[in-house]
1. Which of the three applies to segment 9-133, rounded, prolate or oblate, going by the alpha-carbon gyration tensor with a ≥ b ≥ c and a/c under 1.5 meaning rounded?
2. Please go through segment 1-92 and write out the chymotrypsin sites (Phe, Trp or Tyr not before Pro) that DSSP classes as loop and that have at most 10 other C-beta atoms within 10 Å.
3. If r is the Cβ-Cβ distance from ALA36 to TRP98 and R0 is 25 Å, what FRET efficiency results, to the nearest 0.05?
4. Between HIS22 and LYS120, with labels modelled 7 Å along Cα→Cβ, what's the label distance in nm to one decimal, could you check?
5. Multiplying the sequence separation of HIS29 and VAL10 by 0.36 nm and subtracting their Cα-Cα distance, what value in nm do you get?
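Readers should treat all values here as calculations from the given coordinates under stated rules, not as data from a laboratory. All of these numbers come straight from a predicted model, not from anything done at the bench. Here the Cβ positions follow ideal geometry from the backbone for every residue, glycine too, while neighbour counts run over all protein chains shown.
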Amino acid sequence: MRWRIKARNVPGRVATGAYIAHAGYEKWHGTPERAAGVHTMASGAFPVLEPIPSAAFLKVLAAGELATGGLLLNPLTSNRVAGLALTGFAGSLLAMYWRTPTMRKPGSVWPTPAGMAVSKDVWMLGIGLGLLADPGRRATSRPRRR
């Protein structure tokens, strides 16, 4: 079996993968109050989510986080696939941050206290983009000359 990731990518993938998977696990077992709060925040940024029942929304979100975390933690998942999943996940969180005025200081990208927890997800976006930029292995690679 050949690992599909390089050692230099392991710390970022393990840290983000474990964090996201844990968050998904916690949401999977979330209370109705938590479901309502998460759904309200998400539907405020993305009105298309409003008709979805909050409990169902929380389960779908939890499943997405568990899947994303699992992809990052699985050493057989290529960096590009893991990077695509992480970039999409972090991008959606940052879109919510950008669309919710109370999370940012007026006229600024900098967070208010209410936006601090989401604004830090810019680091996950950076890790995801870094994984996407990884050159990976070429199918027609030639042996190096000495």
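1. Values: a/c = 2.10, a/b = 1.26, b/c = 1.67.
It is oblate, given that a/c is not under 1.5 and a/b is not larger than b/c.
2. Details: sites: TRP3, TYR19, TYR25, TRP28, PHE57, PHE89; in loops: TRP3.
When the chymotrypsin sites (Phe, Trp or Tyr not before Pro) of segment 1-92 are filtered for loop state and at most 10 Cβ neighbours within 10 Å, TRP3 remain.
3. Values: r = 23 Å, r/R0 = 0.92.
Given R0 = 25 Å and the Cβ-Cβ separation, E is 0.65.
4. Output for this residue pair reads 1.1 nm.
5. Working: separation 19, 0.36 × 19 = 6.84 nm, distance 2.82 nm.
Difference between extended and current length: 4.0 nm.
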